[in-house]
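Trainee: I am attaching a structure below and will ask some questions about it afterwards.
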Amino acid sequence: MNAGSAARAAPSSRQTVTIDLGDRSYPIHIGSGLIDDPGSFAAAPSSSLGVIVSNTTVAPLYAERLARTLRGRHRRVELIVLPDGEAHKDWQTLNQIFDGLLTLGADRKTVLYALGGGVVGDMTGYAAASYMRGVPFVQVPTTLLAQVDSSVGGKTGINHPLGKNMIGAFYQPAAVVADLDVLATLPPRELRAGLAEVIKYGPIADAGFLGWVEANVDALLARDAAALAHAVRRSCEIKAEVVGADEREAGLRAILNFGHTFGHAIEAGLGYGEWLHGEAVGCGMVLAAALSARLGLLPPADAGRIAALVQRAGLPVRPPAFGTARWLELMRLDKKAEAGEIRFVLLDAPGHAVMRPAPDALVGEVLDAHCA
């Protein structure tokens, strides 16, 4: 779909959620027409140079529109285009950003704009944290997953062949600009992957929101504008509350990784990009809920409820058959592991998550049951 004709002349509609981090607080703007509204970017510093970092899929759709909007804030607006896909979230592609910044003569006041999904956002944020020891950046997420999760909270980084997101930094953006209109060009598979991160917030923090997603999953899949607006806003509200209380994941913030210990193992074990991140997380939530039930924390009916919702969203519920030994090897590389002990985000009730280890044998039983 050509998005060039989608530019809006009318003022944008905008709702704002704030990440409260003291003098590093920043707005998350959510609404329609935001890419074309200079007011969406008021929190970004003005400078002589603004650099949009995007990829080969998103740049042809939205880079020129964003550049037109930013020319009031920067004398020059330049573009760095990266290859698309999780397989390119690595040192080599990160260096393409640094090469571009150095070639363009970027200085410490240069502002980076991450225009794309989670891969672009994570890498641009890490480049911003590292270039000249830190330059400002703005997240402009173009996937549902990035709008509700990866663009919010300041986690940046790249993958290592042995583990996902193992190299990175906490580095907060100046703003997040989530234009809901860009979801019109999102492929259906990517939309479903984003729903995994929307679904996540209900089981870990808000049982009422879990019920709302169950009632509205078909509307979300149909891209109903009102349903998407509510899903993005409520997801960002929950994440803002968690990040504001625990920016660097010393405790509470770990609950945002529900399903991710299993999910990251799927991505690393299959090879990055074989499954989308949201697909792996969706399946991981099914496994984590089942493990919660086997530990006696969660009624089996509630574990089944989560599995049914993940399946209704069109996400995989059957994990790859790596074999238990390989699964455990992969999960011991998870950032939540301590002294080789795997710590899982589990549920003890809909809307409440806990973190604890589980016996390897019990984890194996869950995997065997779901791989069969």
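Trainee: Can you tell me which residue is farthest from A358 (Cα to Cα) among those in the stretch 302-328 that are basic (K, R) and in a helix (DSSP H, G or I)? First the steps, then the outcome.
Mentor: Going residue by residue through the stretch 302-328, those that are basic (K, R) are 305, 312, 318, 326.
With the extra rule that they be in a helix (DSSP H, G or I), the set shrinks to 305, 312, 326.
On the way: R305: 22, R312: 28, R326: 16 Å.
Among residues in the stretch 302-328 that are basic (K, R) and in a helix (DSSP H, G or I), the one farthest from A358 (Cα to Cα) is R312.
Trainee: Just to check your reading of the model, which residue among A219, A227, A215 is closer than 22 Å to H29 by Cα and either outside the structural domain of A307 (by TED's automatic domain parsing) or not polar (S, T, N, Q) (or both)?
Mentor: Numbers: A219 fails: closer than 22 Å to H29 by Cα; A215 fails: closer than 22 Å to H29 by Cα.
Only one candidate passes the filter, namely A227.
Trainee: Separate question: Here are G125, G72: which of them is surrounded by 21 or more Cβ atoms within 10 Å (Cβ to Cβ) and in the same structural domain as T156 (by TED's automatic domain parsing)? Break it down stepwise before answering.
Mentor: Working: G72 fails: surrounded by 21 or more Cβ atoms within 10 Å (Cβ to Cβ).
None of the others qualify; the one that does is G125.
Trainee: Please go through the stretch 75-92 and pick out each residue that is touching a helix residue (DSSP H, G or I) at 6+ places or on another chain (Cβ under 6 Å), surrounded by fewer than 19 Cβ atoms within 10 Å (Cβ to Cβ) and more than 29 Å from H160 (Cβ to Cβ).
Mentor: Of everything in the stretch 75-92, just one residue is touching a helix residue (DSSP H, G or I) at 6+ places or on another chain (Cβ under 6 Å), surrounded by fewer than 19 Cβ atoms within 10 Å (Cβ to Cβ) and more than 29 Å from H160 (Cβ to Cβ), namely E78.
Trainee: Right, next: Tell me which of these T69 doesn't satisfy, since it passes every other one: (1) closer than 19 Å to G154 by Cβ; (2) in contact with a helix residue (DSSP H, G or I) (Cβ under 6 Å, 6 or more places away or on another chain); (3) among the β-branched types (V, I, T).
Mentor: (1)
Trainee: Restrict the check to the stretch 179-186 and report whether at least one residue is aliphatic (A, V, I, L, M), surrounded by fewer than 24 Cβ atoms within 10 Å (Cβ to Cβ) and modelled with pLDDT under 95.
Mentor: There is no residue in the stretch 179-186 that is aliphatic (A, V, I, L, M), surrounded by fewer than 24 Cβ atoms within 10 Å (Cβ to Cβ) and modelled with pLDDT under 95.
Trainee: Every residue in the stretch 258-297 that is without any contact (Cβ under 8 Å) to a residue 12 or more places away in the chain and either outside the structural domain of M355 (by TED's automatic domain parsing) or farther than 20 Å from A205 by Cβ (or both), please. So that I can check it myself, show each step before the final result.
Mentor: At the first step, the residues of the stretch 258-297 found to be without any contact (Cβ under 8 Å) to a residue 12 or more places away in the chain are 274, 293, 296.
Across the stretch 258-297, the qualifying residues are E274, G296.
Trainee: While we're here: Report, by residue number, each residue of the stretch 343-362 that is more than 17 Å from L256 (Cβ to Cβ), out of contact with any strand residue (DSSP E or B) (no Cβ under 6 Å at 6 or more places or on another chain) and touching a residue at least 60 places away in the same chain (Cβ under 8 Å).
Mentor: Let us first name the residues in the stretch 343-362 that are more than 17 Å from L256 (Cβ to Cβ), namely 349, 357-362.
Remaining after also requiring out of contact with any strand residue (DSSP E or B) (no Cβ under 6 Å at 6 or more places or on another chain): 349, 359-362.
Correct list: A349, L362.
Trainee: Of everything in the stretch 104-152, what is in a loop (DSSP other than H, G, I, E, B), touching a strand residue (DSSP E or B) at 6+ places or on another chain (Cβ under 8 Å) and over 22 Å from E267 (Cα atoms)? Give them in sequence order. Let's see the steps before the verdict.
Mentor: Of the residues in the stretch 104-152, the ones in a loop (DSSP other than H, G, I, E, B) are 105-110, 117, 134-136, 142-143, 151-152.
From what is left, the residues that are touching a strand residue (DSSP E or B) at 6+ places or on another chain (Cβ under 8 Å) are 105-107, 109-110, 117, 135-136, 142-143, 151-152.
Once the filter is applied, which keeps residues that are in a loop (DSSP other than H, G, I, E, B), touching a strand residue (DSSP E or B) at 6+ places or on another chain (Cβ under 8 Å) and over 22 Å from E267 (Cα atoms), the stretch 104-152 yields G105, A106, D107, K109, T110, V135, P136.
Trainee: Follow-up question, since we're still on this one. Assuming G85 fulfils every condition listed in (1) at positive phi; (2) modelled with pLDDT of 95 or more; (3) not hydroxyl-bearing (S, T, Y) apart from one, which condition is it?
Mentor: Result: G85 fails condition (2) only.
Trainee: Let me ask another. Only residues that are of a type in the set (G, A, S) and surrounded by fewer than 24 Cβ atoms within 10 Å (Cβ to Cβ): list them for the stretch 233-289, please. Show your work before the answer.
Mentor: Narrowing the stretch 233-289 to residues of a type in the set (G, A, S): 235, 240, 244-245, 250-251, 254, 259, 263, 265, 268-269, 271, 273, 278, 280, 282, 284, 288-289.
Correct list: A240, G244, A245, A250, G251, A254, A268, G269, G271, G273.
Trainee: L101 is checked against (1) within 28 Å of A193 (Cβ to Cβ); (2) touching a strand residue (DSSP E or B) at 6+ places or on another chain (Cβ under 9 Å); (3) not in a strand (DSSP E or B) and fails just one. What number does that condition carry?
Mentor: Result: L101 fails condition (1) only.
Trainee: Pick from A231, A268, A289: which is closer than 27 Å to D179 by Cα and in contact with a helix residue (DSSP H, G or I) (Cβ under 6 Å, 6 or more places away or on another chain)?
Mentor: Working: A268 fails: closer than 27 Å to D179 by Cα; A289 fails: closer than 27 Å to D179 by Cα.
Just a single option satisfies the conditions, and that option is A231.
Trainee: Restricting attention to the stretch 329-356, which residues are of a type outside the set (A, V, I, L, M, F, W, C) and not in a strand (DSSP E or B)?
Mentor: Restricting attention to the stretch 329-356, the residues satisfying the condition of being of a type outside the set (A, V, I, L, M, F, W, C) are 329, 332, 334-336, 338, 340-341, 343, 348, 350-352, 356.
Across the stretch 329-356, the qualifying residues are E329, R332, D334, K335, K336, G340, P350, G351.
The values are calculated or read from the model by the stated rules, or taken from the named source; none is laboratory data. Just so it is clear, the model here is predicted, and its values are computed rather than measured. All Cβ positions, glycine included, derive from the backbone under ideal geometry; neighbour counts span all protein chains shown.
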